[in-house]
1. With each pseudo-label sitting 7 Å past Cα toward Cβ, what's the ARG35-ASN149 distance in nm, one decimal?
2. Along the stretch 80-95, what does the Karplus equation 6.51 cos²θ - 1.76 cosθ + 1.60 (θ = phi - 60°) give for ³J(HN,Hα), rounded to whole Hz, x for Gly and Pro?
3. Among 84-91, 55-62, 130-137, how do they line up by average Cβ neighbours within 10 Å per residue, starting with the highest?
4. Output wanted: per-residue J couplings in Hz (rounded whole) for the stretch 58-68, from phi through Karplus 6.51 cos²θ - 1.76 cosθ + 1.60, θ = phi - 60°, x for Gly and Pro.
5. Note the full-extension length gain between ASP106 and LEU138 as 0.36 nm times their separation in residues minus their Cα-Cα distance, in nm to one decimal.
Amino acid sequence: MTPPSTPATRQDPVTVRVFTQRFSSTPRGARLARRLALHQLDAWGVPHGSEASDTAALLVAELAANAVTHGRVPGRDFEVTVKLLGRTVRIEVSDTRGELRPPTPDAPRPAAGPLAETGRGLLLVEALADRWEVLDRLPVGKTVAAELNLRH
């Protein structure tokens, strides 16, 4: 005879969906990364043209452009991973240039001059993402990850 079970609290199941793809470290590769990430989000139920889709597009575009511009190593690709973790979209962009790291989210940044052509990309990521971080990528490189909470 089994003992009576205790009432369990109801938890919604968490579905994890993952899309990972490598792209050539070119502007064309960055554009393709954005398009494929949005196509995958749409297939997962985050429709094209929604606020979440548009924000994810900007995050993928900026992180991929940074990987192509600042993390490019000749002959090496960059990698994009998009994860749907319950009500959170996590975008990870990895490159193989580990020695050139962006500042962490809480580090002070020097102000970009008014005519500077660089130095504002991570400000966009910081403004759009609910959280972001810079991680080591093994065996070589770095990953910049941004998370976006989906609204109900």
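1. My value for the distance between the label points is 3.4 nm.
2. Those phi angles translate into 10, 10, 10, 10, 10, 10, x, 9, 10, 9, 10, 10, 10, 10, 10, 9 Hz.
3. Most protected by this proxy first, the peptides run 55-62, 84-91, 130-137.
4. Each residue's phi maps through the Karplus curve to give 5, 5, 4, 4, 5, 5, 5, 4, 5, 5, 6 Hz.
5. In short, 9.2 nm is gained.
Rule-based calculations on the coordinates, nothing more; no lab input. Treat the numbers as computed from the prediction; the structure is a model and nothing was measured. Methodologically, a virtual Cβ is constructed for each residue, glycine included, from the backbone with ideal geometry; neighbour enumeration extends over all protein chains shown.
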